[in-house]
1. Which one is modelled with the lowest pLDDT among residues in the stretch 136-154 that are among the basic types (Lys, Arg) and open to solvent by 90 Å² or more (accessible area, probe 1.4 Å)?
2. Filtering the stretch 67-86 down to residues that are of a type outside the set (Ser, Thr, Tyr) and open to solvent by 80 Å² or more (accessible area, probe 1.4 Å), which residue is nearest to the chain's Cα centre (by Cα)?
3. Can you name the condition, by its number, that Thr52 falls short on among (1) more than 23 Å from Leu27 (Cα to Cα); (2) open to solvent by 100 Å² or more (accessible area, probe 1.4 Å)?
4. Quick one: count up the residues across the stretch 87-135 that are closer than 27 Å to Ala147 by Cβ and open to solvent by less than 90 Å² (accessible area, probe 1.4 Å).
Amino acid sequence: MSGVKKVADVAAKAGKAIDWDGMAKMLVSEEARKEFANLRRTFEDVNHQLQTKFSQEPQPIDWEYYRKGIGSKVVDMYKEAYDSIEIPKYVDTVTPRYKPKFDALLVELKEAEKTSLKESERIEKEIAEMKEMKKKISTMTADEYFAKHPELKKKFDDEMRNDYWGY
């Protein structure tokens, strides 16, 4: 398997392994969504090019065809030059250096995601409580309010006991 074919295969597998929809759900701002869409489109374009253009082996040169039309001496000279070309193998020196950093960032991202989800749940609960209180506020007594917020009752009682009236 050629190096180019191998790169195309790895890119195809990488594209399938990316959870684009899952990542898109985590984006908050419209600008982030646009940037993410551009990133995804660019990735898919590059991946498509790797799958089409660069994954195909080149057609072998028909040296005999050119010998008939041009002549053996010139074609042999080109064939010899062509055969002497050595295409260096790509040695990936970047991935080993950055893979540990990337993996560490992924762990950090997962932790941030968990924290964010917990915070979102807390905020959603707080919003629900506020909506409930908004409905009941016009008929709620001070005792009902303080029953829900005992820390405020204690603060209020302390201020009253110390003759602190807020001014």
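1. Lys136
2. Narrowing the stretch 67-86 to residues of a type outside the set (Ser, Thr, Tyr): 67-71, 73-77, 79-81, 83, 85-86.
Pick out the ones that are also open to solvent by 80 Å² or more (accessible area, probe 1.4 Å) and you get 68, 70, 73, 77, 80, 83, 85-86.
Values: Lys68: 56, Ile70: 55, Lys73: 56, Met77: 51, Glu80: 48, Asp83: 43, Ile85: 40, Glu86: 38 Å.
Applying the filter and picking the extreme gives Glu86.
3. (2)
4. So the count comes out to 7.
The values are calculated or read from the model by the stated rules, or taken from the named source; none is laboratory data. All figures in this text were calculated on a predicted structure; none of them were measured in a lab. Because the Cβ atoms are built from the backbone with ideal geometry, glycine has one as well, and the counts that use them run over all protein chains shown. For accessibility, only protein heavy atoms count, side chains too; no ligands or nucleic acids. Shrake-Rupley method; radii C 1.70, N 1.55, O 1.52, S 1.80 Å.
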